[in-house]
Amino acid sequence: MRYRLFATDIDGTLTPDRRSVNICLKAIQKLRELENTGIKVVLVSSNALPIVVGLRKYLGLTGPTIGETGALIYFGGDRIVHLTDYTAEKALDDVLDIFKDYVVSSWQNIFRLHDFALKIRDKYSDRSYEVFKSVKEYVETKYDYIKTGFSGYAIHLTPIDVSKGKALKFIASELGIDRSEIVCVGDSVMDIDLIRECGLGVAVSNADEELKEKADYVTSKPSCYGVIELIDKIIRKSSF
C-alpha cells in the first residue's frame with residue numbers, strides 16, 4: 001500500500017513515555033525522513049492550536065495541523081477551519097468553581113476557542129481517574145453539548161460534535177486522499193476516533209488497552225520508540 005498521509009498524536013506518542021513532554025529527537029528525524037518520501041505528516045493534538053502549529057513549523061513538517069481535540073485545523077498560510085460553533089468555556093468556569101480543590105485551569109486556555117483543558121492538582125495525581133470521572137459525570141449531565149475526555153496529561157472539555165477523527169476525515173476530503181492511504185498512531189482512548197479514520201490505525205505498545213483493542217497494529221515498543229519502529233516499517237514497505 002502506498003501511503004500519502006501520516007497522522008500522529010503528540011503527547012505520549014512522540015514523547016519517550018506517557019508522562020514526558022519532551023519529543024524524541026530521533027522521532028523528529030524519522031518524521032522528516034517520512035516527508036522526504038512524499039508522505040505528509042499531520043500533527044494531531046488536544047493542545048491549543050498555536051502550540052501544534054509552532055511544532056509543525058520548527059519540526060519542518062508540511063501537513064495540516066489538528067488542535068483542540070479536532071475542533072480546529074490549520075492548513076497553512078492564514079487558513080484555519082473551525083469544525084464547531086460550540087465552546088466549552090462556560091463549562092470550564094463552572095468546573096473550576098465546583099471542583100476548585102481538585103483541578104486548575106491549563107495555562108493554554110487563554111489561547112483556546114472551543115476545547116478547554118483542566119490540570120489535576122498534584123496532591124490528587126494518584127486519584128486522577130477518579131477526579132476525571134467526577135468531572136465527566138457533572139459536565140455531561142449539565143451540558144448536553146460538551147463531552148469530557150482524559151488524555152493522561154489533562155482533562156478536556158470538548159464540544160460534542162468534534163473529534164480528532166472527524167478533523168482527519170475533513171483533511172482527507174480536502175486533499176483528495178482516500179482513507180486507505182492514511183496511517184494514524186496514538187496512545188490514548190482519545191485517539192480511538194482518529195485511528196478509525198485510517199487505513200492503518202496504530203497504537204504504541206504502552207497505549208490504553210481500549211485503543212490497542214481497536215488498532216490494526218500495535219507496535220512492539222512504547223511511545224516515540226514505537227513511532228520510530230512504525231516509520232521504519234513504512235519506509236521499508238514492510239507488511240503489517
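The values are calculated or read from the model by the stated rules, or taken from the named source; none is laboratory data. Note that the structure is predicted; figures quoted are calculated from it, not measured. Positions of Cβ are backbone-derived with ideal geometry, glycine not excepted, and every protein chain shown enters the neighbour counts.
Tabulated data
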item: Counted residues, the stretch 1-21 - those being surrounded by 15 or more Cβ atoms within 10 Å (Cβ to Cβ), in contact with a Lys or Arg (Cβ under 9 Å, 6 or more places away or on another chain) and either in a loop (DSSP other than H, G, I, E, B) or modelled with pLDDT under 95 (or both); result: 3
item: All positions within the stretch 225-240 that are in contact with a Leu (Cβ under 7 Å, 6 or more places away or on another chain) and not in a helix (DSSP H, G or I); result: F240
item: Meets criteria (on the phi < 0 side of the Ramachandran plot, surrounded by fewer than 23 Cβ atoms within 10 Å (Cβ to Cβ) and touching a residue at least 40 places away in the same chain (Cβ under 8 Å)) for K100; result: no
item: Any helices (runs of 4 or more DSSP H) falling wholly within the stretch 127-212 and containing at least 3 residues that are closer than 24 Å to I231 by Cβ; result: 164-175, 192-196
item: Spans of strands (runs of 3 or more DSSP E) in the stretch 69-120 with at least 3 residues among the hydrophobic types (A, V, I, L, M, F, W, C) and within 27 Å of A7 (Cβ to Cβ); result: 72-76, 116-120
item: Test: residue in the stretch 22-42 that is part of a loop (DSSP other than H, G, I, E, B), surrounded by fewer than 20 Cβ atoms within 10 Å (Cβ to Cβ) and without any contact (Cβ under 8 Å) to a residue 12 or more places away in the chain; result: yes
item: Residues of the stretch 50-68 that turn out to be in a helix (DSSP H, G or I) and surrounded by fewer than 24 Cβ atoms within 10 Å (Cβ to Cβ), as a count; result: 10
item: The stretch 215-234 residues that are without any contact (Cβ under 8 Å) to a residue 12 or more places away in the chain, paired with ones that are part of a helix (DSSP H, G or I) (beta carbon under 8 Å, 6 or more apart); result: none
item: The stretch 147-177, subset over 16 Å from T84 (Cβ atoms) and touching a residue at least 60 places away in the same chain (Cβ under 8 Å), residue surrounded by the fewest Cβ atoms within 10 Å (Cβ to Cβ); result: E174
item: Scope the stretch 75-84; condition touching a residue at least 40 places away in the same chain (Cβ under 8 Å) and out of contact with any Lys or Arg (no Cβ under 9 Å at 6 or more places or on another chain); matching residues; result: F75, V81, T84
item: Meets criteria (modelled with pLDDT of 95 or more, in the same structural domain as D122 (by TED's automatic domain parsing) and surrounded by fewer than 24 Cβ atoms within 10 Å (Cβ to Cβ)) for D144; result: yes
item: When residues of the stretch 103-138 are limited to those that are farther than 21 Å from A167 by Cβ and aromatic (F, W, Y), the one surrounded by the most Cβ atoms within 10 Å (Cβ to Cβ); result: F132
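Every residue, every condition in (1) over 18 Å from the mean Cα position of the chain (by Cα); (2) at pLDDT below 95; (3) more than 20 Å from T141 (Cβ to Cβ), yes or no:
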residue: G63; (1), (2), (3): no, no, yes
residue: I66; (1), (2), (3): no, no, yes
residue: T69; (1), (2), (3): no, no, yes
residue: L72; (1), (2), (3): no, no, yes
residue: R79; (1), (2), (3): yes, no, yes
residue: D85; (1), (2), (3): yes, no, yes
residue: E89; (1), (2), (3): yes, no, no
residue: F99; (1), (2), (3): yes, no, no
residue: V104; (1), (2), (3): yes, no, yes
